[in-house]
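In what follows, a single structure is set out as structure tokens and then discussed.
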Amino acid sequence: MSDRLPGFSTLAVHAGAQPDPTTGARATPIYQTTSFVFNDADHAASLFGLQAFGNIYTRIGNPTNAVLEERVAALEGGTAALAVASGHAAQVVVLQQLLQPGDEFIAARKLYGGSINQFTHAFKSFGWNVVWADPDDIASFERAVTPRTKAIFIESIANPAGSITDIEAISTVARKAGVPLIVDNTLASPYLIRPIDHGADIVVHSLTKFLGGHGNSLGGIIVDAGTFDWSAGGKYPMLSEPRPEYHGIRLQETFGNFAFAIACRVLGLRDLGPALSPFNAFMILTGIETLPLRMQKHCENAKAVAEFLAGHPAVASVSYAGLPSDKYNQLARKYAPKGAGAVFTFSLKGGYDAGVSLVSKLQLFSHLANVGDTRSLVIHPASTTHSQLDDAAKIKSGAGPDVVRLSVGIEDKEDLIADLEQALGA
Ligand SMILES: *Cc1c(COP(=O)(O)O)cnc(C)c1O
């Protein structure tokens with residue numbers, strides 16, 4: 001064996017997986033079981049007391065899910081990961097380890113519409129208060145910091161316009177404030193951007209999108225960078241103080257640079273319960289094997305479609321960071337040199353009505369609320385995902401009435417352009 005470190009594509013196929021030791025099965029088996037037999041009473045007690053690692057019950061961990069966790073941790077350059085039932089579940093589990101009632105977290109205003117809803121409404125009932133900042137104005141993050149701030153949350157490539165966030169600049173703000181930076185890396189995938197390399201402490205994903213990649217399975221994941229000192233400042237008692245449910249263990253002291261991933265599993269997932277089905281873990285693992293190939297094609301197609309739209313007379317503007325004229329192109333060159341992703345928006349001269357009409361005329365693009373599928377997708381955010389926001393908030397989050405969002409798939413780009421041409425022209 002050579003001692004060279006495997007590259008990204010090799011990790012995408014192999015990380016975390018070995019031929020099954022009992023059957024020789026080469027693909028990772030689906031361990032479709034709720035529970036696992038203990039060797040004896042001592043073994044059972046040590047598993048429950050966190051003195052030994054092993055399988056107990058699929059709500060807490062499962063061998064198929066464990067392969068997925070190891071693979072995504074490897075691709076993101078983290079110390080450990082925890083797979084959960086959805087991207088939203090990942091966000092709840094992460095913040096539950098960090099916030100007490102009455103605490104605050106700062107979030108970039110440009111976010112997935114579902115996250116805006118979750119942060120604004122659902123989290124309010126937990127006593128967690130979101131404070132919005134503008135990812136294009138780094139000082140707005142600094143101004144938002146208070147003694148109750150416990151985390152900063154951003155998207156690497158932001159919904160819906162595909163804008164690129166200056167992760168390093170915001171990580172500097174987080175470091176100064178003594179709080180972790182959480183990056184939702186869903187739209188980039190680790191193939192395009194690895195936020196931990198730029199100062200992120202925690203990465204979350206909706207696996208439902210590019211990582212799974214085929215629009216067939218929900219899932220989410222939390223990656224621990226292992227970089228944050230949870231005991232400094234006494235701000236994170238879940239990690240630094242003795243845990244009564246585990247005989248007084250202190251998680252950071254016991255688990256060091258993967259304490260956060262452990263907390264998410266043994267406190268968050270165990271008690272809140274959003275476990276990922278092993279079948280979905282299998283589907284997502286299969287998707288990840290082709291992530292590099294798919295992302296290359298997604299980006300190549302997105303750039304061609306963006307260029308076509310930029311030259312079309314019915315189009316007022318195109319917001320794609322991969323275009324040299326785009327305001328995020330500098331940041332795209334720095335953070336995502338392999339491509340600026342496949343989700344972006346454009347606006348139509350005909351406004352709201354033109355947006356609704358375009359969506360109804362497209363044939364190859366499916367009109368639905370998802371991104372990161374092999375198939376090309378389209379949505380009019382103002383009448384759907386962002387319809388709950390008032391007009392000013394819609395515009396601020398990049399979802400004004402004239403805006404259409406695309407998630408460009410891996411079909412032949414000539415067919416995608418022909419479909420847009422007929423729908424815009426007719
Ligand atoms: C879809 C999505 C989520 C939520 O993920 P689910 O798997 O649908 O719960 C979070 N963030 C981003 C950027 C997303 O695209």
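The values are calculated or read from the model by the stated rules, or taken from the named source; none is laboratory data. This structure is a prediction, so every number in the text was calculated from the model and none was measured. Cβ placement follows ideal geometry from the backbone for every residue including glycine, while neighbour counts extend to all protein chains displayed. All accessible areas refer to the heavy atoms of the entire protein, side chains included, with ligands and DNA or RNA removed. Shrake-Rupley method; radii C 1.70, N 1.55, O 1.52, S 1.80 Å.
Mind counting the residues in the stretch 204-249 that are within 16 Å of the ligand (Cβ to nearest atom) and outside any loop (DSSP other than H, G, I, E, B)?
Selection size over the stretch 204-249: 7.
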Subset tally (residues that are closer than 19 Å to GLY61 by Cα and either in contact with a Cys (Cβ under 8 Å, 6 or more places away or on another chain) or open to solvent by less than 40 Å² (accessible area, probe 1.4 Å) (or both)) for the stretch 209-258: 10
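Just to be sure I understand, how many residues within the stretch 407-416 are over 11 Å from PHE365 (Cβ atoms) and touching a helix residue (DSSP H, G or I) at 6+ places or on another chain (Cβ under 6 Å)? Let's see the steps before the verdict.
We begin by selecting, within the stretch 407-416, every residue over 11 Å from PHE365 (Cβ atoms); these are 410, 412-414.
Restricting the remaining residues to those that are touching a helix residue (DSSP H, G or I) at 6+ places or on another chain (Cβ under 6 Å) gives 410, 413.
So the count comes out to 2.
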- prompt: Are any of the residues in the stretch 59-82 closer than 19 Å to GLU155 by Cα, assigned by TED's automatic domain parsing to the domain that holds THR186, in contact with a Leu (Cβ under 9 Å, 6 or more places away or on another chain) and small (Gly, Ala, Ser)?
  reply: yes
- line: Selection from the stretch 124-139 of residues in a helix (DSSP H, G or I) and either within 17 Å of SER163 (Cα to Cα) or within 14 Å of the ligand (Cβ to nearest atom) (or both) yields ILE138
Options GLN100, GLN18, GLN96; residue that is away from the ligand (no atom under 15 Å from the Cβ), of a type outside the set (Phe, Trp, Tyr), assigned to a loop (DSSP other than H, G, I, E, B) and touching a residue at least 60 places away in the same chain (Cβ under 8 Å): GLN100
message: Out of the residues in the stretch 360-369 meeting the condition of being within 17 Å of PHE346 (Cα to Cα) and in contact (Cβ under 8 Å) with a residue 12 or more places away in the chain, tell me which one is farthest from the ligand (Cβ to nearest atom).
response: LYS361
message: Tell me yes or no: at least one residue of the stretch 250-257 is aliphatic (A, V, I, L, M) and either in the same structural domain as HIS205 (by TED's automatic domain parsing) or in a loop (DSSP other than H, G, I, E, B) (or both).
response: yes
